Structures are given as structure tokens and as C-alpha cells.
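So the structure is just underneath, and the comments pick up after that.
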Amino acid sequence: MVVPHPTSPLDRRRFLIGVGAVAGLAAAAQLPVGPAEARPRVAGGDYVFRLGVASGDPLPDGVVLWTRLVPRRFEPGGGMPPRRLPVQWQVAADERFSRIIRGGTVWALPELAHSVHVEVEGLTPDGEWFYRFRYRDQVSPVGRTRTAPAMGARTGRLALAFASCQDWASGYYPSYRHMAQEDLDLVLHLGDYVYEGGIPADGGLRAVNTPDILRVPPRGDLTRWRMQYALYKSDPDLRAVHARFPFAVTWDDHEVLNDYANTHSQYGDGNIPLRRRNAYQAWYEHQPVRRPARPGSEGPRVYRRLHWGDLAQIDMVDGRQFRTIPACGWGEADACDEAYLPRQTMLGRPQEQWLYNGYAANRPRWNILGNNVMLARLDHDGKKGDLLWNDAWDGYPRARNRLTRAWVENDVRNPVAFTGDWHSTFVNDIKRNFDHPKSPVVATEFVGTSISTNGDVPVYGPYYGPMIDFNPHIKFFDGDRRGYVRANIDRKKIFVAHRMVRTVSTRRADQYTLATFMVEDGRPGAVQLSGPTQDRFPERSSSRGYGKDAEGKATQVG
Ligand SMILES: [Fe+2]
């Protein structure tokens, strides 16, 4: 599958550089060359690559490479001089860097916290690549990444994982430790990469002393937001999974403020536009994303589309920046007529149009929606009333109907939503219109749980578990486990495994597969293959303590 073509680094030196270039042949002469220099310098002293490396948004001919120079993570300025600094980068076809394919030098700019985004081009499709950076005499860890198959090329496999919600103080990231051992082409991160709160002095469940400067939440302070990302990326398992696989990242609310909508919040918590601007800036500085995601006069454009040959299209959406204020109230509130006004939107009209146009233009076998909040209805109170969670798509029913209509009218093949946010696991049938019980199932949704958020405490199982019976389109629910979702996509089916860890109170925790599902080509709706089923789910209202591993053996959790 991996057939990189060694190309001369000199004859096709085309690369885009987000922060300006000092590239050229002279710079190439100074690159770290040879296998001996592939070793990163021991992390200590003023080591600048403390946050590791990352790659993202693979295209058939390139990928984004990311790092940031920050020797002192919790100092304003990160310990770097306030001027632009040259950083060298290399892409090789082998881990020992004996076949270097591309290279160059970029400026790390102080106004971008000395982060670096290299948009490498000129690689061959469907290849595996290794990359590293150098600043002065320091060499970064080596990252591995890959390019997508050629546009439209017959493609038989896409192995991905998706994750969300990694509150640092809620626990460690043993799931990332396991994810780094998987054989994946891509990782989708669906939001809540950081949380907006101050960090407790004792480090929360991590029980790690943290500097005083982290006590105060970032709010509108860019310098403090940078420290939040630097803290989260201090986690070695998060760094490991970034170094191993390319990511496609979108955001949810906690990258700015709980449940915010556009420039509004129910909390009236200071200047939301200012907070948002700086939070978006810090997000860009710490993610392997392309130039449009850099905040500018137009605001960052985060929604984007990836293609995996003729097999899959992945539409990563931004469900926060452009949404209207939920018409029926913030959070849990009764459904109301105003939610059906045409102006109510989750994505904003330009993004909606972009999404639907993409459906009309491309005919992949699988159409994946990288989605931040739950798409399916969750009726909270059955016949008693109309209580819904309005921060999710339930607050935007008309916008949801526009999306499902776009799927039907464009004859979109196999729409599947991968969703974050909830800190619980759901597998859902998506109906053409949830207001009509006889409406057909048009798509499938998998809601992953959190990597760490909510820690080891049962919170949502007891609350949401009793509601599941009101929602026959919900095929599976599990309340309070931590983990991620692995999806193996081939031409006939998507095989989905809900991969859980037993605790997030330690860096190392055993992993098990709670349940597996399959979606077949041409048949919307998931078929459960293993794991506890809804009709024998006595513990679902307090789901801790029950599970089955991949072999179908009952296991005790926590
Ligand atoms: Fe979350």
C-alpha cells in the first residue's frame, strides 16, 4: 500500500509556507542530514520541541506539518525571543531519513507563538512519510504521516479513529496510548481538544502540581490560551498519537466557552467576540491545519473536505462559529416553533451551501460527516413533553431537515455521521425527519465518548439512560466510559469498534472493545455485531460495572 517515490528534493521544491519562506537551495544545504541526526535531543533545559510534532489534513500530494518552538511553556512568549526565527523541516520516505524527499526552511513568527505550519506539496499519493524539524542545534521528534490516495482512485481501505473531549484535569489519556498502537490512516478530532477553565492547583484527577498562572481561566487572554494548549500537549500520549498519524481536527464549544453560539453565550461571561478571537488564534497555532483556518479579517475557515480516493469523502464541519442562538432556550428546553424558522442554522448558510454542493459534485462510496454535536433526536421525556437538548442539532430541527434533504435529493451514498461532544456512546439511526415517526432512516450516526472528560465518575448514564426508551432510533447507548471509536471502512461496509479503557486515573489502563457495529453499503442504520444490546442493558442507567470485551466475555469496569 505504501509506495513512496523518491523524488529529487531540488527539482520539485514546491511547497506552500503558511508563515513566509526563507526557503531555497542555500537553506537546503543547512538541513540536518543523515540518519545520525534523526534522534531528537533529550528533552531538557531549553528544548524547544516540547509540544512534539503533528501532521494533518492529508491530500493526495501533501500534508500539513506542525510544530511550535516553546522551551518554557508557562511563560509569556514561551521562552523564545520576540522575533521571527528560522525552522528547517524535512520529509523522508524512510524513518532513518536516508531518502529525503522534500525540505525547506520557514519562519516561526512571534505573532503565531512561534508555531510552524508547513503545507508540503509534491508528495506521491497513498504514501507513508516521515518528517522532522530543526531549530539551531535542536532536532524535533520524528513524525510519521501519510498522503491520501489519488482523487477518484479505486481505494479499498480507510482505517480511522475518532475522538473528542479531553479535559486535562479529568484524567489521563490512556486511550491515546492505545490509539498510537493501532494501524490507522487518519484520526478525526471532533472537538473539546482543550477546555476553557482554570486548572486546579492539584491537577485534578491527574494529581500533578500545576503552575499558579494556570489557575485563572484564559477568557480573552491569548497568552493564557497558548498555555492551555501547551499544558494539554504536555501529555506524552497525546503527543505520541499526533506523531504517529495525521489528524483532521474540528472544534466544539470548550475551545472557547461552554455551549456558546456564534458570539453569544448564556453565561454573559465577558467579551465573547474578543474571547473567541483569541481562542481561535491559539487553536490555529496548535493544530496541524491549513492556512484558511488562520484567523484573519474574515475569521477562520475550519470547515473543509478530505477525500480518500473513490472510497470516502470526509466533511469536517464547524458547528459553533456560525450557529444562531438556539431558539427555544439554552441547553435543556422544550421544543418550540421558533426553532423551525428558516433563519435558524447550525452551520450558517455559506457552510451549508458548501456542504450540499460537495454532495452534488462528488460520488464517493461513503460520505462521512465529522460533526461536533449529536445529530439524532434525543427526546428527554417521551409523551410527557417536548424536552430536548438545544445545544445539539435538536435545537436546530429545520437545519437538520435541510441536511437530511440534501442527502436524499443528491442521492448521497451512505451518509455516516461521526460525532463528539456527549461523553457518552450512542449509535443512532438518522431519520429523514424526526418529527414524523414513519420517516425513513437515511443515515447512520456514531457518537463517540470522551477521551477523559467526566473522568471515572458516572454522570450521564444515570441521567440519559432512562430516556433511551423514548427514542427507538437510538440503537445503542452507554453512559460513562472513556475511549474512542475505531472505524475500518472498505468498499462493502464500515466496521466500527467502541474502544474503551477501564480508568483514566492512570496513564496506563487496559483497553477493551465494548461493542462493535457494521454499516453495509446501501443500507443506512447500524447492525450490532458484539457487545451488550439495548434490550438486555439493565445497567445502562448507571453503566459502570458492565461491559463485554472483544471476545464477548462479560467484564467488570472500574
Ligand atoms: Fe466535551
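Note on the chain: Cα-only Rg and Dmax are 22.7, 73 Å.
Can you tell me the 0 to 90 degree angle between the C-alpha axis of helix 222-232 and the longest principal axis of the chain, rounded to 10? Result, in degrees: 80. Remark: spin-label model distance D490-V408 equals 3.3 nm, labels positioned 7 Å along the Cα→Cβ axis. Phi-derived couplings, Karplus 6.51 cos²θ - 1.76 cosθ + 1.60 at θ = phi - 60°, listed residue by residue for region 287-299: 10, x, 10, 7, 3, x, 7, 7, x, x, 4, 8, x Hz, with x used for Gly and Pro.
Please report the net charge: other residues with Cβ closer than 13 Å to the Cβ of N278, K and R +1, D and E -1. Overall, the nearby charge balance is +1. Under the combined filter of DSSP loop state and at most 13 neighbouring Cβ atoms within 10 Å, region 254-327 retains these GluC sites (Glu not before Pro): E298. Can you classify region 267-361 as rounded, prolate or oblate using the Cα gyration tensor, where a ≥ b ≥ c are the square roots of its eigenvalues, rounded means a/c under 1.5, and otherwise it's prolate if a/b beats b/c and oblate if not? Verdict is oblate for region 267-361. Residues R499, R96, R349, R323, ordered by accessible area of protein heavy atoms at a 1.4 angstrom probe radius and largest first, appear as R96, R349, R499, R323. Does anyone have the angle between helix 397-409 and the longest principal axis of the chain? Alpha-carbon axes, 0 to 90°, nearest 10? Tilt of helix 397-409: around 80 degrees.
The magnitude of the dipole of the chain, with charges of +1 and -1 set on the Cβ of Lys/Arg and Asp/Glu and taken from the Cα centre, is near 1440 debye.
Computed on the chain, with alpha-carbon pairs under 8 angstrom and 6+ residues apart, the relative contact order is 13 percent.
In order along region 193-208, the Karplus-derived 3J(HN,Hα) couplings, from 6.51 cos²θ - 1.76 cosθ + 1.60 at θ = phi - 60°, round to 5, 10, 10, 8, x, x, 9, x, 4, 8, x, x, 5, 6, 6, 10 Hz, and Gly and Pro are given as x.
The separation of region 187-206 from region 380-437, counted between C-alpha centres, amounts to 27 Å.
Return, ordered by residue number, the residues of region 401-430 whose backbone nitrogen is under 13 Å from a label point located 7 Å along Cα→Cβ of D337. Answer for region 401-430: none. Quick check on the chain: of the DSSP beta bridges with both residues there, what percent are antiparallel, nearest 5%? If I count the DSSP bridges inside the chain, around 80 percent turn out antiparallel. For region 466-511, the spherically averaged projection of the C-alpha convex hull amounts to 4.8 nm².
Probing with 1.4 Å while keeping every protein chain in the model, the per residue accessible area of the chain equals 36 Å². Each of Q181, L341, M80 was scored by the projection of its Cα onto the charge dipole of the chain, and the greatest displacement toward the positive side belongs to M80; charges sit on the C-beta of Lys, Arg, Asp and Glu. Could you list which residues have their amide H under 5 Å from that of A248, counting only those 5 or more apart in sequence or on another chain, with H placed in the peptide plane? It is D57, V187, L188, H189, by chain and number. In the assembled protein chains, E121 presents an accessible area of approximately 50 Å² (probe radius 1.4 Å). Against the chain, whose longest principal axis comes from its Cα atoms, helix 272-285 is set at around 50 degrees. Where Lys and Arg each count +1 and Asp and Glu each count -1, what net charge lies around L257 among other residues with Cβ under 10 Å from its Cβ? Neighbourhood net charge equals -1. Note on region 310-446: Cα-only Rg and Dmax are 14.3, 47 Å.
The per residue volume of the convex hull around the alpha-carbon atoms of region 81-212 is 174 Å³. Placing dummy labels 7 Å off each Cα toward the beta-carbon, the span from V527 to R507 is 4.3 nm. Averaging the Cα positions of each part gives two centres, and for region 470-484 and region 313-350 these lie 23 Å apart. Give me Rg/Rg_expected for region 432-523, where Rg uses Cα atoms only and Rg_expected = 2.2 N^0.38 Å with N residues. Normalised Cα radius of gyration, region 432-523: 1.26. A cut-off of 5 Å between modelled amide H atoms, ignoring neighbours fewer than 5 places along the same chain, links D192 with C165, D252, D253, H254, E255. Give, as ranges by residue number, the residues of region 273-297 whose backbone N falls under 13 Å from the point 7 Å along Cα→Cβ of Y267. Those under the cut-off are 275-276. Apply the a/c threshold of 1.5 to the C-alpha gyration tensor of region 340-398 and tell me whether it is rounded, prolate or oblate. It is prolate, given that a/c is not under 1.5 and a/b is the larger ratio. For trypsin sites (Lys or Arg not before Pro), the sites in region 59-95 that DSSP calls loop and that have at most 15 other Cβ atoms within 10 Å are R72, R83.
Overall shape of region 372-506 was characterised from the C-alpha gyration tensor. The equivalent ellipsoid obtained from it has semi-axes of 25, 20, 12 Å, in decreasing order. Applying a DSSP loop filter and a limit of 14 other Cβ atoms within 10 Å to the trypsin sites (Lys or Arg not before Pro) in region 118-148 leaves R136.
These residues, V459, V501, go from largest to smallest accessible area, 1.4 Å probe, as V459, V501. Using a 4.7 Å Cβ-Cβ cutoff, the cysteines of the chain lacking any partner cysteine are C165. Going 7 Å from the Cα of R398 along its beta-carbon direction, which residues of region 304-345 have the amide nitrogen within less than 16 Å of the resulting point? Counting backbone N atoms under 16 Å from the label point, the list is 323-329, 335-345.
In the chain, the portion of solvent-accessible area held by carbon and sulfur atoms comes to 52 percent [1.4 Å probe, whole percent, DNA, RNA and ligands not counted].
The values are calculated or read from the model by the stated rules, or taken from the named source; none is laboratory data. All of these numbers come straight from a predicted model, not from anything done at the bench. Every residue, glycine among them, receives a Cβ derived from its backbone with ideal geometry; neighbour counts consider all protein chains shown. Ligands, DNA and RNA are excluded from the accessible area calculation, which covers all protein heavy atoms including side chains. Shrake-Rupley method; radii C 1.70, N 1.55, O 1.52, S 1.80 Å.
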